[in-house]
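Since the structure comes first, as structure tokens, the remarks are kept for the end.
The values are calculated or read from the model by the stated rules, or taken from the named source; none is laboratory data. Since the model is a prediction, treat every value here as computed from it, not as a measurement. Here the Cβ positions follow ideal geometry from the backbone for every residue, glycine too, while neighbour counts run over all protein chains shown. These accessible areas exclude ligands, DNA and RNA; they are computed on the full protein's heavy atoms, side chains included. Shrake-Rupley method; radii C 1.70, N 1.55, O 1.52, S 1.80 Å.
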Amino acid sequence: MERGLPDSVQRRNAVVEVRRPGSGLVVAVEGELDHHSADLLRDALDACLAEGCYRIVVDCSALEFCDSTGLNVLLGARMTAEEAGGTIGLAAMQPAVARVFEITGAESVFPVHDTVDEALAHLAAE
């Protein structure tokens, strides 16, 4: 028997957009980042890293949910960026997403900023 979601629960697919404001690089994630959608983020981050962009801000302002699969995508990209002398910063995390990073301890390995502009300024100053 297939179990569905109650009518009151709507699952949102993730949308990933790469923006290049000024000299920065922002990967914005919207919706739910889980095992169904994590490849969207992985593909975008891998493409940025393959281009030699190792200083990336992930805009989490519209990210509503992140499970361990999404977290692992971010951790893997962070390791690749750091091996090349770069960094992946997180910006504007919603409370539910921030809680996942807090519980897992992942918040201690990412620079976390309140806004995308703050994260971009921090990366530019490094």
**Request:** Would you be able to say whether some residue in segment 104-111 is closer than 16 Å to Cys53 by Cβ and open to solvent by less than 30 Å² (accessible area, probe 1.4 Å)?
**Result:** no
**Asked** Looking only at residues in segment 61-103 that are in a loop (DSSP other than H, G, I, E, B) and within 16 Å of Leu33 (Cα to Cα), which one is most open to solvent (accessible area, probe 1.4 Å)?
**Response** Gln94
**Prompt:** Do you know which of the residues in segment 112-126 that are of a type outside the set (Gly, Ala, Ser) and in a helix (DSSP H, G or I) is most open to solvent (accessible area, probe 1.4 Å)?
**Reply:** Asp117
**Item:** So Asp59, is it of a type in the set (Asp, Glu) and either touching a helix residue (DSSP H, G or I) at 6+ places or on another chain (Cβ under 6 Å) or under 19 Å from Ala14 (Cβ atoms) (or both)
**Value:** yes
**Request:** With respect to Val58, determine if the residue is of a type in the set (A, V, I, L, M), over 19 Å from Leu123 (Cα atoms) and out of contact with any His (no Cβ under 9 Å at 6 or more places or on another chain).
**Result:** no
**Any hit, segment 29-44, residues being within 18 Å of Glu126 (Cα to Cα) and either open to solvent by 10 Å² or more (accessible area, probe 1.4 Å) or among the hydrophobic types (A, V, I, L, M, F, W, C) (or both)** = no
